[in-house]
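Worksheet: one structure, shown below.
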Amino acid sequence: MRQLVALLADTDQWVTRITEEAEASPLAGTPLAGDDKAAGKFPVSGSAWTHLTVAVDHLSTLRAATVGCGQRETLTVHLHLAGQFTLMRAMIENASAVLWLLSSPLRTDRVLRRLQLAAGDIRNNEPVRDLIKSPGTKTKWSSALIRRGSRGDHRRRVQFVGGDAGE
């Protein structure tokens with residue numbers, strides 16, 4: 001239990017970082033700025049920031065559910081049957097997505113990974129849109145992104161979104 005409480009001790013620092021530091025565009029000339037340019041409508045930096053903030057939000061919720069928060073924080077640990085594990089899973093998945101997205105030294109890999117995330121989001125949203133009878137408009141971008149999936153070579157996919165396929 002002490003290890004869990006110790007792990008949750010840094011939560012406030014992470015929450016401060018994501019709430020007080022607004023999402024910023026990557027510095028010009030950096031690899032991440034190049035990734036964003038290559039990814040067109042699907043910026044790599046925006047996806048990384050979103051996944052990071054979601055991971056920290058789940059971490060904060062886990063802390064609140066486990067040891068409380070603010071003035072009511074105690075050393076009493078409240079363990080639930082499954083709720084905290086769901087929060088941990090979401091935190092790990094989102095933090096891992098950031099690492100996976102940014103870990104490759106190759107721009108084409110990072111952009112491809114971003115496009116794969118975007119295609120998955122679009123694919124997963126279609127059944128919900130159908131269910132609520134709000135199909136929206138299928139754009140050239142979204143339809144082609146879903147059709148292409150993981151087929152074809154990296155350069156063609158990067159060039160499809162209007163970017164530079166260079167490393």
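The values are calculated or read from the model by the stated rules, or taken from the named source; none is laboratory data. Small disclaimer: the values here were computed from a predicted structure and weren't measured. Every residue, glycine among them, receives a Cβ derived from its backbone with ideal geometry; neighbour counts consider all protein chains shown.
Summary table below
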{"read-out": "Count of residues meeting criterion [hydrophobic (A, V, I, L, M, F, W, C) and within 11 Å of the chain's Cα centre (by Cα)] in the stretch 30-55", "value": "6"}
{"read-out": "Selection count, the stretch 1-44, where residues are within 20 Å of ALA65 (Cβ to Cβ), among the charged types (D, E, K, R) and not in a helix (DSSP H, G or I)", "value": "1"}
{"read-out": "Some residue of the stretch 152-163 being over 22 Å from the mean Cα position of the chain (by Cα), outside any helix (DSSP H, G or I), at pLDDT below 55 and over 14 Å from LYS41 (Cα atoms)", "value": "yes"}
{"read-out": "Of residues in the stretch 102-120 being farther than 17 Å from LEU52 by Cα and among the small types (Gly, Ala, Ser), the one surrounded by the most Cβ atoms within 10 Å (Cβ to Cβ)", "value": "ALA119"}
{"read-out": "Selected residue [modelled with pLDDT under 85 and on the phi > 0 side of the Ramachandran plot] from GLY40, GLY83, GLY70, GLY29", "value": "GLY70"}
{"read-out": "Filter result for the condition that a residue is modelled with pLDDT under 95 and among the hydrophobic types (A, V, I, L, M, F, W, C), over VAL111, VAL128, VAL98", "value": "VAL128"}
